[in-house]
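Engineer: Starting off with a structure, shown below.
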């Protein structure tokens, strides 16, 4: 009897175990099917940006992205840059947001401070692990002292000096990048050379005064405001800018044309402006506006201030608004845009959009010789600049201060106003608009 009871118990245990395994198999199969259904489910993703970035996404990024994620349909909406930041801010506050949004570098502080983008330092993103994968300059922009990460860096814009070789050659000056840099290693050197290259009413050393402002202030690692939110456009570094601009203005070294105007473009085409101080993207601008000028331009480091030549002029970021509906798909898109090598290569080759992702900077496609620049490998300059740039201290009032100082430079160069008078007027105007 006892043996029969033991056998009965063993049979029951065997049956229960088999049923349990079958149930587990069924449950596992069901879960896997659900995962597969989720993977196959179509997701509609909306991305906000501005022209021409919207076209770049449509022509390059989205086709490549959908090869990898065919179930994610991406729709891009582009808004004019003069209205984009306000529209995005209003949408974030109102809750009617896209799944993904771009942010231009000058708008970062205002957008980041809202803290209405997903904190990418948290699960499931863990973007803090990516901090070493991007240029330091741009990683400093996406995070704050509390570790909040509002976006990933997309493109940077290391800046340098573009120079017109025929102008230098005609003056008996060097035309190779090393020789030109040695010739104008400092801003004092630059002013001296400007005297030789400026021909009143016919030929100019550079386009507009803000080119000097942008370069020197970043090289000095100074800012419009200090950390106590005090306006400091009268510190020694800004005063150096005003003095340099005044010297160049007195000799007629600035072109009389508005930046990007037809007249300005005509002067570029005619080879009447000797140098430009811009981000790497200006190479594309030159190619588009200088027909037949292949080999006539070179790139070298900007003149140094306090021993530093490096600075930035542009850049953008991409993140996920908190109220967005498709965060998993959005995160896939954000990572793809900023990290996928094929996408970064195509954007660079088409529009010279310089990656902020470090793995891309050493790629062969970024280090080819440029026929337009006479066989020069321009990234030998830009990569050094990108790695040495130091992010400035920025505030919400910087755009107002920038406008005020730019107007001041116009008053100095075109309005025959003394520096002290123009400075006092600028301070009053900026403070009146930011009170």
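Engineer: Tell me what the chain gives for mean residue ellipticity at 222 nm when only DSSP H runs of n ≥ 4 count, each as -39,500 (n - 2.57), the sum divided by the residue total, rounded to 500 deg cm²/dmol.
Structural biologist: -15000 deg cm²/dmol
Engineer: Over the chain, with a Gaussian network built from C-alpha contacts below 10 Å, which listed residue (373, 138, 162) shows the highest mean-square fluctuation?
Structural biologist: Most flexible of the set in this elastic network: 373.
Engineer: Further question on the same structure: Calculate log10 I(q)/I(0) of the range 291-435 for q = 0.14, 0.18 Å⁻¹, where I(q) comes from the Debye formula with a single equal point scatterer on each Cα and nothing for solvent.
Structural biologist: Debye output, listed in q order: -0.98, -1.12.
Engineer: What's the ranking of 225-238, 124-137 by average number of surrounding C-beta atoms within 10 Å, highest first?
Structural biologist: Going from most to least packed, we get 124-137, 225-238.
Engineer: Of 96, 364, 316, which has the largest mean-square fluctuation in a 10 Å C-alpha GNM of the chain?
Structural biologist: Per the Cα network of the chain with a 10 Å cutoff, 364 tops the list.
Engineer: Using alpha carbon centroids, what distance separates the range 312-331 and the range 347-421, in Å?
Structural biologist: A separation of 23 Å, based on Cα centres.
Engineer: I would also like to ask the following. Given contacts defined as C-alpha pairs under 8 Å and at least six residues apart, what's the relative contact order of the chain, whole-number percent?
Structural biologist: Relative contact order of the chain: 23 percent.
Engineer: Further, regarding this structure: Among 171, 253, 215, which one shows the biggest mean-square fluctuation in a GNM of the chain, springs joining Cα atoms closer than 10 Å?
Structural biologist: Comparing 171, 253, 215 in a Gaussian network model of the chain, the most mobile one is 171.
Engineer: 7 Å from Cα along Cα→Cβ at both residue 416 and residue 89: what's the point-to-point distance in nm?
Structural biologist: Between residue 416 and residue 89, the simple spin-label model gives 4.0 nm.
Engineer: Provide the percentage of antiparallel DSSP beta bridges, counting only those with both residues in the chain; round to the nearest 5.
Structural biologist: 70
Engineer: Against the longest principal axis of the chain, how steep is helix 419-434, in degrees 0 to 90 to the nearest 10, with axes from Cα atoms?
Structural biologist: That works out to roughly 30 degrees.
Engineer: Please determine, in degrees from 0 to 90 and to the nearest 10, the orientation of helix 81-94 with respect to the longest principal axis defined by the Cα atoms of the chain, where the helix direction is its Cα long axis.
Structural biologist: Orientation of helix 81-94: about 40 degrees from the principal axis.
Engineer: Under 1.5 on a/c is rounded, so check that first for the range 66-198, then, if it is not, pick prolate when a/b is larger than b/c and oblate when it is not; a ≥ b ≥ c are the square roots of the alpha carbon gyration tensor eigenvalues.
Structural biologist: Prolate is the answer for the range 66-198, as a/c is 1.5 or above and a/b outweighs b/c.
Engineer: Taking Cα extents along the principal axes in Å as the quantity of interest, determine which of (1) 99, 60, 42; (2) 118, 52, 36; (3) 65, 65, 44 was computed from the displayed structure.
Structural biologist: (2)
Every read-out reported here was derived from the displayed coordinates using simple, explicitly stated rules and does not represent laboratory data. Keep in mind that what you see is a predicted model, and the values were worked out from it rather than measured. Neighbour counts are summed over all protein chains in view; Cβ atoms, including those assigned to glycine, are modelled from backbone coordinates with ideal geometry.
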